[in-house]
Structures are given as structure tokens and as C-alpha cells.
Amino acid sequence: MKIGITCYPTYGGSGALATELGLRLADRGHEIHFITYDSPFRMRGYTDRAVFHQVDTTMSRYPLFDHYPYTLALASRQYEVALEEKLDLLHVHYAIPHATTAFLARSMLADQLPLKVITTLHGTDITLVGQESSFYAITKFSIEQSDGVTAVSSFLKDETVRAFGCASCDLHVIPNFVNLAEYHPEAALPRESFAPADHKLLVHVSNFREVKRVKDVVRIFARIRRAMPATLLMVGDGPDRQDAEHEVRELGIGADVRFLGRLDAVAPVLAAADLFVLPSQTESFGLAALEAMACGSPVLAARSGGLPEVITDGVEGILEPAGSVEAMARRAVKLLRDPAAHAEMRHAALARAATFSADIVVPQYEAFYEEILAT
Ligand code: GMT
């Protein structure tokens with residue numbers, strides 16, 4: 001198949017998943033065309049059959065544009081690439097604005113090419129941004145106009161139906177997946193690179209948005225550190241990083257917390273972790289948690305959104321209600337003090353992650369593409 005993929009190329013779960021999907025589809029013989037404003041961050045180096053088409057944003061400084069209409073430039077590029085490359089389908093990730101630009105591109109192609117549009121809903125496009133009054137109507141319209149729609153968890157499917165109705169949408173759940181060739185326990189850098197030998201290593205990876213509750217990560221860690229020697233690695237960057245750094249200073253734990261910023265490859269850090277911490281207000285799936293599990297780290301997370309579809313409390317990790325810092329810290333300490341329980345949870349995490357491997361999930365997308373192309 002010839003497949004166009006549009007996603008956010010910067011750091012974030014939807015862009016990571018979309019890029020991994022494109023690369024795995026290219027490995028499986030499909031021709032992949034990424035269409036976005038920058039080279040997707042997980043597209044490192046050359047991959048056979050995968051190319052990147054940049055959306056031209058050079059007009060963004062034109063004095064008339066207080067707000068650059070990127071959406072129009074993207075729709076034009078999707079139209080051009082679909083026509084030039086004779087795409088079979090355009091798979092867009094994150095509804096806003098990608099489902100809308102895909103609708104425009106398909107409308108422009110009307111008599112020239114029978115392009116199918118598939119939208120994958122990832123999370124905040126439904127749970128947060130899409131429900132803002134200025135985006136609600138167009139998000140609902142664009143989802144309903146897609147030829148096929150997938151959601152990354154049953155939670156997100158239900159939330160889409162609850163918030164948008166979408167009576168005519170046949171929402172298909174296809175979970176996030178992990179590339180086990182990259183995310184595995186042997187990917188670890190030596191632990192001494194990160195922390196003294198006698199320290200437990202806790203890791204958090206995110207884009208530091210409000211929904212991630214990064215101050216809770218710090219507060220949970222501060223309580224764990226009172227009980228045992230420990231180091232916290234904070235990976236990523238975003239609007240709440242300064243708040244998290246401030247909290248570290250306030251709690252006087254700066255000596256044991258390291259902010260590493262954005263990293264292109266996180267597997268070497270995840271694989272060194274004793275516990276991955278993801279206390280988000282909500283997560284439609286929690287791709288970062290899955291990647292940590294694939295590296296052999298149990299997960300301490302919030303019992304929210306789609307996380308219970310990935311982690312069973314007490315089996316592959318610990319789930320407590322979002323915001324319950326005390327309970328999360330108490331259970332983390334108990335686990336980290338019990339090597340046998342930790343080893344059991346680590347093995348369970350590896351086994352659970354294997355059920356979300358690219359080899360299992362990518363064919364589900366292929367089957368869905370076939371189904372939509374046949375309509
Ligand atoms: O918040 C993020 O981590 C980025 C966000 C996005 O849409 O780019 O991630 C969402 O998509 C991921 C991939 O499908 C999911 O695993 C994340 O759970 C989801 N984030 C939220 O729902 C907050």
C-alpha cells in the first residue's frame with residue numbers, strides 16, 4: 001500500500017506512535033510518506049520505502065498573518081503528495097487539525113484520486129483540546145467525515161462516544177505498541193552513569209504538560225527518598241518543568257534529582273530504572289509506561305484513563321488514584337524494599353509488554369486499512 005502519514009513531528013506520544021507505525025509498515029513492504037512540518041523525531045537516519053515531505057512554512061512571517069494558517073499549507077501538501085505519489089490512504093494522527101486537513105485534501109482530490117482517510121485518536125485531542133468550545137464542532141465533524149477511525153484504548157473510544165456522540169463512527173480500538181528491538185532490558189546504560197550503586201533509580205518521561213502532574217512525581221520521590229537512598233531522573237521538557245524544578249528546590253532534594261531534558265532515545269534510561277513513575281491526571285493509553293515495561297521496569301501510575309488496560313494493579317505495577325501521592329509513595333517503598341516482589345513484577349511487566357509488540361499490533365492496522373480500502 002501507499003500510505004501518507006501526518007502527525008506532530010515533535011516530542012509526544014502521538015507523534016512517536018505514528019512514526020514507529022510508519023517505519024514498521026515500511027519494513028513490511030509498504031511505501032510510507034510522512035507529511036508534516038518537520039522530520040519526525042523518531043525517524044532517525046534512512047529507512048527503505050519511508051520518505052518525509054515537509055510542509056512549507058516559509059510564508060509564516062508574512063506581515064498580514066497574525067496567526068499563520070498552517071492548516072491550509074498542510075492540506076495543500078497532503079493533496080499534492082497524495083496526487084504525486086498516488087496514495088491509497090492518508091492516516092492522520094491526533095484529530096486536531098489533522099482530521100480536518102485530511103478532509104480538505106480528500107475533497108480537493110474528489111474527481112482525481114479515491115483517497116481514503118483514517119484518523120487515529122490519541123488522547124488530549126478528545127479528552128481536553130477537542131472539547132474546548134472553539135474546536136468542538138469541527139473536531140466532531142472531521143472525525144465523522146473520516147472513512148475510518150481508531151482509538152488507542154477502550155477508554156478513549158468510550159470517551160469519544162460520550163463527548164462527541166459520533167453515532168455514525170465505527171470506532172475501532174487498536175492499542176499502542178512497542179518496538180521490542182529497541183525497548184528491551186539489555187538496552188540499559190550502566191546504572192553508575194545515573195546514580196550511586198546503592199540508590200534505587202526512579203524515572204519519569206513526559207512532555208511536562210499539566211496533565212502529567214510532574215510535581216506529584218517529585219513529591220512521591222521525596223517520600224521514597226526519606227525511606228531509602230534513591231535517585232530520580234526526569235526526562236523530557238515542557239511547560240511544567242520549572243514548577244517541577246522549583247518543587248525539587250523547595251523540598252531540598254536537588255542532590256538526588258536530575259533533569260535530563262529531551263532525549264531522542266530513552267530506552268537506555270528506562271532499562272536502568274527500578275520504577276517508572278507516571279501519575280498523570282489521565283492517559284488515554286500511556287505509551288511511555290508500555291516502553292518502560294518493555295525495558296523491564298514496573299510502573300507506578302494513576303488509576304486513570306486507559307492505564308488500567310495496560311497495567312494490572314499489583315501485577316505489572318502499582319495503580320492508585322491520580323493525586324494520591326502518599327499512597328503511591330507508600331506502595332513504591334514497600335515494593336522497592338522487597339526484591340522478590342520487585343523481580344516478579346519486573347517479569348510480569350516484560351510479559352505484558354510483549355503482548356503489545358509491534359509484530360502483534362501493526363498487522364491490526366494493516367487489516368483495518370484493507371477493510372477501509374474495500375469499502
Ligand atoms: O501527552 C502526551 O504524552 C502526548 C499525547 C499526544 O497525543 O501526543 O499522548 C497521547 O497519545 C499517546 C499515544 O497514543 C498515548 O499513549 C498517551 O496516553 C496520550 N496522552 C494522554 O492521553 C495525556
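The values are calculated or read from the model by the stated rules, or taken from the named source; none is laboratory data. None of these values were measured; they are calculated from a predicted model. A quick note on method: Cβ atoms are made from the backbone with ideal geometry, for glycine too, and the neighbour counts reach across all protein chains shown.
Under 6 Å between Cβ atoms, which residue pairs at least 6 apart in sequence (or on different chains) link something in the range 181-208 that is aliphatic (A, V, I, L, M) with a partner that is in a loop (DSSP other than H, G, I, E, B) and within 16 Å of the ligand (Cβ to nearest atom)?
As it stands, the answer is Val205/Gly236; Val205/Val266, since those pairs meet every condition given.
With touching a residue at least 60 places away in the same chain (Cβ under 8 Å) and over 20 Å from Glu31 (Cα atoms) as the only criterion, which of Ser146, Ser154, Ser142 stands out?
Details: Ser146 fails: touching a residue at least 60 places away in the same chain (Cβ under 8 Å); Ser142 fails: touching a residue at least 60 places away in the same chain (Cβ under 8 Å).
None of the other options fit; the residue is Ser154.
Can you report the number of residues in the range 82-116 which are more than 25 Å from the chain's Cα centre (by Cα) and within 16 Å of the ligand (Cβ to nearest atom)? Full working, then the answer.
From the range 82-116, those more than 25 Å from the chain's Cα centre (by Cα) are 82-88, 104-115; that's our starting set.
From what's left, within 16 Å of the ligand (Cβ to nearest atom): none.
Selection size over the range 82-116: 0.
Output the number of residues of the range 164-202 satisfying the condition of being more than 15 Å from the ligand (Cβ to nearest atom) and in a strand (DSSP E or B).
Let us first name the residues in the range 164-202 that are more than 15 Å from the ligand (Cβ to nearest atom), namely 164-170, 180-182, 184-202.
Subsequent filtering for residues that are in a strand (DSSP E or B) retains 200-202.
The number of residues fulfilling the criteria is 3.
Could you tell me whether the range 321-337 includes any residue that is more than 14 Å from Asp216 (Cβ to Cβ), touching a Pro at 6+ places or on another chain (Cβ under 6 Å) and part of a helix (DSSP H, G or I)?
no
Does Asp66 meet the test of being within 16 Å of the ligand (Cβ to nearest atom), under 28 Å from Ser107 (Cβ atoms), assigned by TED's automatic domain parsing to the domain that holds Lys116 and among the charged types (D, E, K, R)? Walk me through it before giving the result.
Details: within 16 Å of the ligand (Cβ to nearest atom): no; under 28 Å from Ser107 (Cβ atoms): yes; assigned by TED's automatic domain parsing to the domain that holds Lys116: yes; among the charged types (D, E, K, R): yes.
Judged against the criteria, Asp66 is not a match.
Scan the range 27-39 and tell me whether some residue there is within 17 Å of Gln78 (Cα to Cα), free of Cβ contacts under 8 Å to residues at least 40 places away in the same chain, more than 14 Å from the ligand (Cβ to nearest atom) and among the small types (Gly, Ala, Ser). Lay out the reasoning, then the answer.
Of the range 27-39, the ones within 17 Å of Gln78 (Cα to Cα) are 31-39.
After this cut, where a residue has to be free of Cβ contacts under 8 Å to residues at least 40 places away in the same chain as well, the list is 32, 34, 36-39.
Checking the rest, the ones that are also more than 14 Å from the ligand (Cβ to nearest atom) come to 32, 34, 37-39.
With among the small types (Gly, Ala, Ser) added as a condition, the list becomes 39.
Scanning the range 27-39 turns up at least one residue that is within 17 Å of Gln78 (Cα to Cα), free of Cβ contacts under 8 Å to residues at least 40 places away in the same chain, more than 14 Å from the ligand (Cβ to nearest atom) and among the small types (Gly, Ala, Ser).
State all residues of the range 255-264 that are surrounded by 12 or more Cβ atoms within 10 Å (Cβ to Cβ) and touching a helix residue (DSSP H, G or I) at 6+ places or on another chain (Cβ under 9 Å); if no residue qualifies, say none.
If we filter the range 255-264 for residues that are surrounded by 12 or more Cβ atoms within 10 Å (Cβ to Cβ), which is where we start, we get 256-260, 262-263.
Answer for the range 255-264, where residues must be surrounded by 12 or more Cβ atoms within 10 Å (Cβ to Cβ) and touching a helix residue (DSSP H, G or I) at 6+ places or on another chain (Cβ under 9 Å): Asp256, Val257, Phe259, Leu260, Leu263.
Scan the range 345-355 and tell me whether some residue there is at positive phi and either free of Cβ contacts under 8 Å to residues at least 40 places away in the same chain or part of a loop (DSSP other than H, G, I, E, B) (or both). First the steps, then the outcome.
Taking the range 345-355 and keeping what is at positive phi, we get none.
Scanning the range 345-355 turns up no residue that is at positive phi and either free of Cβ contacts under 8 Å to residues at least 40 places away in the same chain or part of a loop (DSSP other than H, G, I, E, B) (or both).
Considering each of Gly4, Gly15 in turn, give the residue that is within 16 Å of the ligand (Cβ to nearest atom), within 21 Å of Phe103 (Cα to Cα), touching a residue at least 60 places away in the same chain (Cβ under 8 Å) and surrounded by 17 or more Cβ atoms within 10 Å (Cβ to Cβ).
Values: Gly4 fails: within 16 Å of the ligand (Cβ to nearest atom).
Exactly one residue qualifies, and that residue is Gly15.
Of the residues that sit in the range 61-86 and are in contact with a helix residue (DSSP H, G or I) (Cβ under 7 Å, 6 or more places away or on another chain) and of a type outside the set (S, T, N, Q), which one is surrounded by the fewest Cβ atoms within 10 Å (Cβ to Cβ)? Show your work before the answer.
If we filter the range 61-86 for residues that are in contact with a helix residue (DSSP H, G or I) (Cβ under 7 Å, 6 or more places away or on another chain), which is where we start, we get 68, 71, 74-75, 78-79, 82.
Among the residues that remain, those that are also of a type outside the set (S, T, N, Q) are: 68, 74-75, 79, 82.
Working: Tyr68: 13, Leu74: 25, Ala75: 24, Tyr79: 23, Ala82: 26.
If we take residues in the range 61-86 being in contact with a helix residue (DSSP H, G or I) (Cβ under 7 Å, 6 or more places away or on another chain) and of a type outside the set (S, T, N, Q), then Tyr68 is surrounded by the fewest Cβ atoms within 10 Å (Cβ to Cβ).
Taking the conditions exactly as written (within 22 Å of Arg209 (Cα to Cα), of a type in the set (Gly, Ala, Ser) and surrounded by fewer than 15 Cβ atoms within 10 Å (Cβ to Cβ)), does Ser153 satisfy them or not? Steps first, please.
On the way: within 22 Å of Arg209 (Cα to Cα): yes; of a type in the set (Gly, Ala, Ser): yes; surrounded by fewer than 15 Cβ atoms within 10 Å (Cβ to Cβ): no.
Criteria not met by Ser153.
Could you grab me the full set of residues in the range 92-102 that are buried (at least 24 other Cβ atoms within 10 Å of the Cβ) and either in contact with a Lys or Arg (Cβ under 9 Å, 6 or more places away or on another chain) or not in a strand (DSSP E or B) (or both)? Can you show your working first?
Taking the range 92-102 and keeping what is buried (at least 24 other Cβ atoms within 10 Å of the Cβ), we get 92-95, 98-99, 101-102.
Selection gives Tyr94, Ala95, His98, Ala99, Thr101, Ala102.
For the range 145-163, name all the residues that are among the hydrophobic types (A, V, I, L, M, F, W, C) and either in a loop (DSSP other than H, G, I, E, B) or touching an Asp or Glu at 6+ places or on another chain (Cβ under 9 Å) (or both). Show your work before the answer.
Looking only at the range 145-163, we keep the residues that are among the hydrophobic types (A, V, I, L, M, F, W, C), and these are 149, 151-152, 155-156, 161, 163.
Listed by number, the residues that qualify are Val149, Ala151, Val152, Phe155.
Could you pull out the residue among Arg337, Arg303 that is surrounded by fewer than 16 Cβ atoms within 10 Å (Cβ to Cβ), of a type in the set (D, E, K, R) and closer than 23 Å to Ile126 by Cα? It would help to see each step written out before you state the result.
Numbers: Arg337 fails: closer than 23 Å to Ile126 by Cα.
Just a single option satisfies the conditions, and that option is Arg303.
Could you list all residues from the range 126-163 that are of a type in the set (Lys, Arg) and within 16 Å of the ligand (Cβ to nearest atom)? Spell out how you get there, then give the answer.
Quick first cut of the range 126-163, residues of a type in the set (Lys, Arg) only: 140, 157, 162.
Lys157, Arg162 - these are the residues of the range 126-163 that are of a type in the set (Lys, Arg) and within 16 Å of the ligand (Cβ to nearest atom).
Out of all the residues in the range 275-290, is one or more surrounded by 15 or more Cβ atoms within 10 Å (Cβ to Cβ), within 21 Å of the chain's Cα centre (by Cα), among the acidic types (Asp, Glu) and not in a strand (DSSP E or B)?
So the first thing to find is which residues in the range 275-290 are surrounded by 15 or more Cβ atoms within 10 Å (Cβ to Cβ), and the list is 275-290.
From what's left, within 21 Å of the chain's Cα centre (by Cα): 275-290.
Applying the additional criterion that residues be among the acidic types (Asp, Glu) yields 283.
Within this subset, residues satisfying the condition of being not in a strand (DSSP E or B) are 283.
Taking every residue of the range 275-290 in turn, at least one turns out to be surrounded by 15 or more Cβ atoms within 10 Å (Cβ to Cβ), within 21 Å of the chain's Cα centre (by Cα), among the acidic types (Asp, Glu) and not in a strand (DSSP E or B).
In the range 273-291, what count of residues is obtained for those that are among the aliphatic types (A, V, I, L, M) and more than 12 Å from the ligand (Cβ to nearest atom)? Before the answer, list the steps.
We begin by selecting, within the range 273-291, every residue among the aliphatic types (A, V, I, L, M); these are 273, 275, 277-278, 287-290.
Those still in the list that are more than 12 Å from the ligand (Cβ to nearest atom) too: 273, 275, 277.
Adding up the residues that qualify gives 3.
Is it true that some residue in the range 221-233 is within 16 Å of the ligand (Cβ to nearest atom) and hydroxyl-bearing (Ser, Thr, Tyr)? Spell out the reasoning first.
To start, the set of residues in the range 221-233 that are within 16 Å of the ligand (Cβ to nearest atom) comprises none.
Taking every residue of the range 221-233 in turn, none turns out to be within 16 Å of the ligand (Cβ to nearest atom) and hydroxyl-bearing (Ser, Thr, Tyr).
Against the conditions (1) assigned to a helix (DSSP H, G or I); (2) at pLDDT 95 or above; (3) within 16 Å of the ligand (Cβ to nearest atom), where does Thr119 fall short? Just the number, please.
(1)
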